[in-house]
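Structure first, then comments.
The values are calculated or read from the model by the stated rules, or taken from the named source; none is laboratory data. The shown structure was predicted, so the numbers you read here are calculated from the model rather than taken from an experiment. Note that each Cβ is placed from the backbone with ideal geometry, even for glycine, and that neighbours are counted across all protein chains shown. In case anyone asks, the SASA skips ligands and DNA or RNA and just uses the protein heavy atoms, side chains included. Shrake-Rupley method; radii C 1.70, N 1.55, O 1.52, S 1.80 Å.
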Amino acid sequence: MKLTYDKIKNKPQVLISLTTLRREEFEQLSKFFEQEWRTYTQQYTLEGKPRDRKTSVSTNTVLRTADDRLLFILYHLKGNTIQELMGITFEMKQAQVSLWIKLLSKLLRNALDRQGYLPVRKVEHLKKVLEKETTVLLDATEREIQRPSDNEVQKEYYSGKKSIILSKIM
């Protein structure tokens, strides 16, 4: 049984567990994702080659709708599912799964970027955004690092909780 958006859209818990999005969020993102899809397919084939003729949806296409394509890539990103299992879930071969993941990842990133939903990567921009905030919560993971030879630097990285030298990764 092939997984499609129509089968799960009325099951909020299933949709959230597979994509991390509620139905309203999913459908809003799907509109932007579909715009990216149309722009791409007007110029290129699925393999990324320049298109010679007009685009059309093939009757044997596995991911026929924008919602199914978005479900496919979000399902992959959320669970980091192996491609063989993705192939079974969406009824396609592993090679097709690989092709779809490569293409849809790029389109999803473009759609999120156009809407301003990608994480900020430039420190200057982050400072401007954070200046307006009164409270900022940070989530960090401690990772063990090689002990610095300078005693002052060691004090900066020392974790009394674990009695080892750590670096906080955010």
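Candidates 64, 51: the one that is in contact with a Ser or Thr (Cβ under 7 Å, 6 or more places away or on another chain), under 21 Å from residue 40 (Cβ atoms), open to solvent by 20 Å² or more (accessible area, probe 1.4 Å) and modelled with pLDDT under 95 is 51.
Checking region 106-118 against the condition returns no match, with no residue being within 24 Å of residue 15 (Cβ to Cβ), more than 16 Å from the chain's Cα centre (by Cα) and free of Cβ contacts under 8 Å to residues at least 40 places away in the same chain.
Scanning region 1-24 for residues that are under 18 Å from residue 81 (Cα atoms) and either among the charged types (D, E, K, R) or not in a helix (DSSP H, G or I) (or both) returns 1, 2, 3, 4, 20, 21.
Can you tell me which of (1) modelled with pLDDT under 95; (2) closer than 21 Å to residue 109 by Cα is the one residue 91 doesn't meet? Among (1) modelled with pLDDT under 95; (2) closer than 21 Å to residue 109 by Cα, residue 91 violates only (2).
Does region 21-57 hold any residues that are among the small types (Gly, Ala, Ser) and over 17 Å from residue 72 (Cα atoms), and which are they?
Result: 48, 56.
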